[in-house]
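First the structure, in the form of structure tokens, and then the observations on it.
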Amino acid sequence: MVKSIYTHGTVVLLLWLSLISCTKNFEKINTDPTAAPVVAPGILLTRGLLYVSGGEFEAWRANLIYCGPMIQHLSSTSLTYVGDKYLYNDGYSGAAFNSFYPNGVKILTTLIEQTKTDPAQANFNAMAKIARVMMLQRLTDLYGNVPYVAAGKGFIDQNFTPAYDPQDAIYAGFAAELQEAAAQLDASKPTPGNSDISGYAGSPTQWKKLAYSLLLRVGLRLSKKTDPSLGKSWVQKALAGGVFTANTDAFYIQHAAGDYDNPNSHVIGVYPGSRAETGKDNMSIKLAKFFVDLLKTKADPRLRIISELPKADSTPGGSDDPALQKGLPSGFDNTSDPVYGIGSTGDANLAHYSQPKQVIAQPNSPNIFITYSEVQLMLAEAAARGWIAGSPATYFTTGVKSGIWQWTLYSTSIVYDDAAATTYATAQAAALAGPLAAQLEAINTQYYITTFLNEYEAYANWRRSGFPVLKPVNYKNNETNGQIPRRLRYPRNDYDVNRPNVEAANAAQGPDVFMTPVWWDKP
């Protein structure tokens with residue numbers, strides 16, 4: 001027999017080294033790369049809310065290039081700003097889709113899945129559902145049929161080509177989710193605290209009001225349908241559940257200077273590190289003529305708050321005198337073309353046109369999603385339609401006053417004058433004594449004003465209500481034959497990776513063009 005050359009100690013050492021070799025990178029080797037990682041719910045909620053607020057990428061393209069200029073809140077002579085000329089750019093049209101789904105929707109869906117079976121995390125689960133509805137409502141309102149049921153579940157069920165759900169089913173899902181989330185919220189269970197970067201700081205009571213206020217918005221969106229009874233029932237459930245009751249109920253994401261500055265401000269602000277799009281000579285973002293003229297005609301006190309003329313050297317901080325404000329006409333470029341150039345129809349010096357006032361475009365400005373003003377104006381419309389009891393004029397007056405107050409959220413330098421606001425709101429409420437059409441115009445014109453900077457919502461409500469009455473432009477080679485677009489187009493890259501589902505959506509909804517209305521936009 002051959003004598004073994006291994007001593008007992010050597011064998012032990014070799015076994016130990018073998019074990020090290022076998023367990024080296026064990027976690028990496030045995031981790032499913034397609035599975036969603038388990039992350040603390042507070043971290044997921046914080047990150048999810050940051051993506052709900054969004055970044056400069058989609059804020060610039062979807063909110064400020066398309067939605068705002070299309071409804072004539074904003075204007076520009078640059079062809080980059082295609083929204084006031086109804087031109088198509090895939091990178092801009094698809095920006096919200098390309099940003100929201102792989103970021104906020106995915107993160108919030110993961111949080112919902114991770115917490116759905118743990119009663120102790122009911123508040124995290126409910127808040128994630130509510131925030132996810134906010135993101136998905138923006139998406140479906142922009143595009144129509146979009147992924148909903150399977151949205152954000154690629155890591156969860158390995159379905160990376162989700163079906164596009166019909167918008168009527170999506171809206172029914174929103175209503176169910178919001179009511180379910182409201183019922184889950186429980187102050188006796190753990191709350192997110194500082195992980196909630198909204199103004200609510202993790203309060204289940206405030207989030208419940210948010211859920212029902214969003215349900216109110218979801219319900220009223222159906223008012224244009226031939227049979228709006230479903231929307232009416234959701235509005236009534238929202239009111240019974242408990243919507244916003246005070247100015248301070250407004251839902252916003254609070255931003256901070258640096259990497260997490262306000263996404264709108266990052267575009268229209270002129271602070272260090274911003275895009276400073278208001279200060280560029282030939283492509284500045286300006287306030288549109290229609291919007292400025294509307295505020296001037298009404299002697300609206302918000303004009304001084306949100307508008308300013310640059311100084312002669314085009315630096316910010318010029319006059320905010322309402323009488324001097326001048327909006328830039330929509331649908332013009334920076335040439336002297338007799339039909340399309342601003343130089344042929346007015347002052348070609350862009351420093352002579354009003355821009356968003358810089359006090360509302362700071363890096364730490366809040367990003368506001370839904371306010372007490374909006375809720376009161378929606379209730380005014382619901383009352384005018386006979387969907388709920390109450391005085392439309394009372395709701396309206398409160399809503400208009402709150403729409404002035406809400407700007408104090410931006411800066412302590414903005415002071416609310418209740419007496420002046422009451423005088424203005426009372427004067428505007430005179431229209432509420434007229435026929436329904438006049439009431440709806442007055443209510444939704446104020447909604448249009450109060451949603452300035454939240455252009456996603458302003459664009460959606462304008463399509464739903466038709467107010468204020470805008471005069472379309474007819475810029476050369478536009479996509480709509482001179483009509484304001486009814487939706488945005490799906491991103492081209494989704495045709496590359498999910499073509500069968502995109503084409504199924506087009507077959508159900510209509511051609512993938514700007515003028516195909518979404519479901520709630522059809523009678």
So, of the residues in segment 475-510 that are part of a helix (DSSP H, G or I) and within 13 Å of Asn98 (Cβ to Cβ), which turns out to be most open to solvent (accessible area, probe 1.4 Å)? Asp496
Determine which single condition Pro472 fails, assuming it passes every other condition in (1) outside any helix (DSSP H, G or I); (2) in contact with a Pro (Cβ under 9 Å, 6 or more places away or on another chain). (2)
Starting from segment 341-359, take each residue that is touching a residue at least 24 places away in the same chain (Cβ under 8 Å) and list its partners that are aliphatic (A, V, I, L, M), counting only C-beta distances under 6 angstrom and pairs at least six apart or across chains. Ile342/Ala348; Tyr353/Leu328; Ser354/Leu287; Ser354/Val292; Ser354/Leu309; Pro356/Ile268; Lys357/Ile306
Conditions (1) closer than 26 Å to Ala508 by Cβ; (2) β-branched (Val, Ile, Thr); (3) within 17 Å of the chain's Cα centre (by Cα) -> Val149 fails only (3)
Suppose we filter Ala169, Ala163, Ala211 for residues that are within 30 Å of Ile65 (Cα to Cα), modelled with pLDDT of 95 or more and touching a Leu at 6+ places or on another chain (Cβ under 6 Å); which single one remains? Ala211
Just a yes or no: is a residue in segment 224-245 out of contact with any Ser or Thr (no Cβ under 7 Å at 6 or more places or on another chain), acidic (Asp, Glu) and open to solvent by 40 Å² or more (accessible area, probe 1.4 Å)? yes
Considering each residue of segment 126-184, count those that are among the small types (Gly, Ala, Ser), within 24 Å of Ser465 (Cα to Cα) and in contact with a helix residue (DSSP H, G or I) (Cβ under 6 Å, 6 or more places away or on another chain), and give that number. 2
Answer residue from segment 324-340, given it is without any contact (Cβ under 8 Å) to a residue 40 or more places away in the chain and under 17 Å from Leu294 (Cβ atoms) and is surrounded by the most Cβ atoms within 10 Å (Cβ to Cβ) among those: Gln325
Just checking, which of Thr426, Thr408 is out of contact with any Phe, Trp or Tyr (no Cβ under 8 Å at 6 or more places or on another chain) and open to solvent by 20 Å² or more (accessible area, probe 1.4 Å)? Thr426
Being among the polar types (S, T, N, Q) and closer than 24 Å to Leu142 by Cβ is the requirement here; does Ser233 meet it? no
Would you pick out the residues in segment 382-412 that are part of a loop (DSSP other than H, G, I, E, B) and either touching a residue at least 60 places away in the same chain (Cβ under 8 Å) or under 26 Å from the mean Cα position of the chain (by Cα) (or both)? Arg385, Trp387, Ile388, Tyr410, Ser411, Thr412
Collect the residues in segment 484-498 that are of a type in the set (Lys, Arg) and over 16 Å from Val82 (Cα atoms), keeping them in residue-number order. Arg492
Failed criterion for Val270 (all others in (1) open to solvent by 50 Å² or more (accessible area, probe 1.4 Å); (2) out of contact with any Pro (no Cβ under 9 Å at 6 or more places or on another chain); (3) modelled with pLDDT under 90 hold): (2)
Would a scan of segment 53-72 turn up a residue that is modelled with pLDDT of 95 or more and touching a Lys or Arg at 6+ places or on another chain (Cβ under 6 Å)? no
Within segment 151-254, helices (runs of 4 or more DSSP H) holding 1 or more residues that are more than 18 Å from Ala460 (Cβ to Cβ) and free of Cβ contacts under 8 Å to residues at least 12 places away in the same chain: 154-157, 167-184, 229-241
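The values are calculated or read from the model by the stated rules, or taken from the named source; none is laboratory data. Since this is a predicted model, take the numbers as computed values, not measurements. Quick reminder, even Gly has a Cβ in these numbers, built from the backbone with ideal geometry, and neighbours come from all protein chains shown. Surface areas here come from the heavy atoms of the whole protein model, side chains and all, with no ligands, DNA or RNA. Shrake-Rupley method; radii C 1.70, N 1.55, O 1.52, S 1.80 Å.
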